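Participant: I'd like to ask you about the structure that follows.
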Amino acid sequence: MAKVIGIDLGTTNSCMAVMEAGEAKIITNAEGGRTTPSVVHLSKEGDRVVGVAAKRQLVVHPERTISSIKRRMGTDYR
């Protein structure tokens, strides 16, 4: 049987859960947290960094870091 996944794409934080045995189970992130900052950073090498690590880069490299993307969805933001 296929698994059902739910995604809460928040402006500040996001969360994912999977249905197991009739209950929603939160999927933890790499740091063990139940929510992940809704931030993506693109490194000089082209690597994608997400969550807490990306949020740290927001101050240092704002030109390569995207936050609050939910507010820009559906626009022609570049």
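The values are calculated or read from the model by the stated rules, or taken from the named source; none is laboratory data. What you see is a predicted model; the values in this text were computed from it and never measured. Positions of Cβ are backbone-derived with ideal geometry, glycine not excepted, and every protein chain shown enters the neighbour counts.
Here's the yes/no breakdown for (1) over 29 Å from R78 (Cβ atoms); (2) at pLDDT 95 or above:
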| site | (1), (2) |
| --- | --- |
| G6 | yes, yes |
| N13 | no, yes |
| E23 | yes, no |
| T28 | yes, yes |
| E31 | yes, no |
| R34 | yes, yes |
| L42 | no, yes |
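Participant: While we're here: Is it true that K25 is without any contact (Cβ under 8 Å) to a residue 60 or more places away in the chain, loosely packed, with under 10 Cβ neighbours inside 10 Å and not aromatic (F, W, Y)?
Facilitator: no
Participant: In region 1-11, what residues are of a type outside the set (A, V, I, L, M) and over 9 Å from the mean Cα position of the chain (by Cα)?
Facilitator: Once the filter is applied, which keeps residues that are of a type outside the set (A, V, I, L, M) and over 9 Å from the mean Cα position of the chain (by Cα), region 1-11 yields K3, G6, D8, T11.
Participant: If L42 meets every condition in (1) touching a Ser or Thr at 6+ places or on another chain (Cβ under 7 Å); (2) among the aliphatic types (A, V, I, L, M); (3) surrounded by 15 or more Cβ atoms within 10 Å (Cβ to Cβ) apart from one, which number is that one?
Facilitator: Of the numbered conditions (1) touching a Ser or Thr at 6+ places or on another chain (Cβ under 7 Å); (2) among the aliphatic types (A, V, I, L, M); (3) surrounded by 15 or more Cβ atoms within 10 Å (Cβ to Cβ), the odd one out for L42 is (1).
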